[in-house]
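Structure record follows, encoded as structure tokens.
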Amino acid sequence: DEVWETKLAACGVHKTQLEEAIPHELGILDEVKANPEKQKALINDNTYAFSKVTPGHVTAMEKWYGKGSAKNIKYSEAFEVAEFGRQVSDSEIFTILPMLQKSYVVPGTIDWTNTGLEIQRGDTLLFNVNGTITWKREGREQCDADGAAYSQSEKKPLPGVSTGALIGRIGSGTAESFLIGTGRKIIAHKSGTLYLGINDDSIKDNDGQFRVWIRKPGTVH
């Protein structure tokens, strides 16, 4: 998006470095100073060397942004917590780097997780979900957020939906629960607090967790 162009413009402010010192070292000082397009290309090339996506970056981006979003990222900058200092928790990361989009952990062992996110009727919600849970510890039956092809029990919050799937509800009532799965767009049918849950009639033999990213790009009335 436009962030990359903004960053290049910011780097370009360092005239003595990017328009003089670096071109001088490369032996192209006069050529670059006389050509604004070559100045721009030099800034891009120099900046990209420190902003390209590496395999290590991908691992971190998948954790903090989700696989669906990470695969579309073209440029990145990595920040590393010093290994010899106090190690911060995941929740503290969102304070240190407020530009991160907050994610929510949904344990497979809890019926409903309160996100604390207040939704207004008509809000558009985009979900991106990673992770797997064990929906039946005996036999290590696992599934992603789309759930397992097992719908025997009619006591689940959503009887017709796969067991172990990620579901949601707005407010305290469970009658209007809806499927989220590994990623969907939902238009809120009411206002209230968003809860995320596991579509299972018995969570006692569950394990694992889902990590959920939620974006509200706009409102539909």
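Would you pick out the residues in the stretch 15-66 that are assigned to a helix (DSSP H, G or I), aliphatic (A, V, I, L, M) and farther than 30 Å from residue 97 by Cβ?
Going through the stretch 15-66, the residues assigned to a helix (DSSP H, G or I) turn out to be 15-26, 29-33, 36-48, 55-65.
Checking the rest, the ones that are also aliphatic (A, V, I, L, M) come to 18, 21-22, 26, 29, 32, 41-43, 58, 60-61.
Correct list: 21, 26, 29, 32, 41.
Considering only residues of the stretch 90-120 that are part of a loop (DSSP other than H, G, I, E, B) and at pLDDT 85 or above, which is surrounded by the most Cβ atoms within 10 Å (Cβ to Cβ)?
Among those that are part of a loop (DSSP other than H, G, I, E, B) and at pLDDT 85 or above, it is 108.
Out of (1) modelled with pLDDT under 85; (2) closer than 20 Å to residue 75 by Cβ, what's the single condition that is false for residue 13?
(1)
So which strands (runs of 3 or more DSSP E) stay within the stretch 153-221 end to end and still have 3 or more residues that are open to solvent by 50 Å² or more (accessible area, probe 1.4 Å) and touching a strand residue (DSSP E or B) at 6+ places or on another chain (Cβ under 8 Å)?
207-215
Could you please let me know if residue 81 is part of a loop (DSSP other than H, G, I, E, B), over 18 Å from the mean Cα position of the chain (by Cα) and within 25 Å of residue 129 (Cβ to Cβ)?
It is false that residue 81 is part of a loop (DSSP other than H, G, I, E, B), over 18 Å from the mean Cα position of the chain (by Cα) and within 25 Å of residue 129 (Cβ to Cβ).
Against the conditions (1) at pLDDT 85 or above; (2) among the hydrophobic types (A, V, I, L, M, F, W, C); (3) touching a helix residue (DSSP H, G or I) at 6+ places or on another chain (Cβ under 6 Å), where does residue 26 fall short? Just the number, please.
In the conditions (1) at pLDDT 85 or above; (2) among the hydrophobic types (A, V, I, L, M, F, W, C); (3) touching a helix residue (DSSP H, G or I) at 6+ places or on another chain (Cβ under 6 Å), residue 26 misses (3) alone.
Given (1) over 20 Å from residue 176 (Cα atoms); (2) open to solvent by 80 Å² or more (accessible area, probe 1.4 Å), identify the lone condition not met by residue 143.
Exception for residue 143: condition (2).
The values are calculated or read from the model by the stated rules, or taken from the named source; none is laboratory data. These numbers were taken from a predicted model, which means no experiment stands behind them. Counting neighbours? That spans all protein chains shown, and the Cβs are built from the backbone with ideal geometry, glycine included. For accessibility, only protein heavy atoms count, side chains too; no ligands or nucleic acids. Shrake-Rupley method; radii C 1.70, N 1.55, O 1.52, S 1.80 Å.
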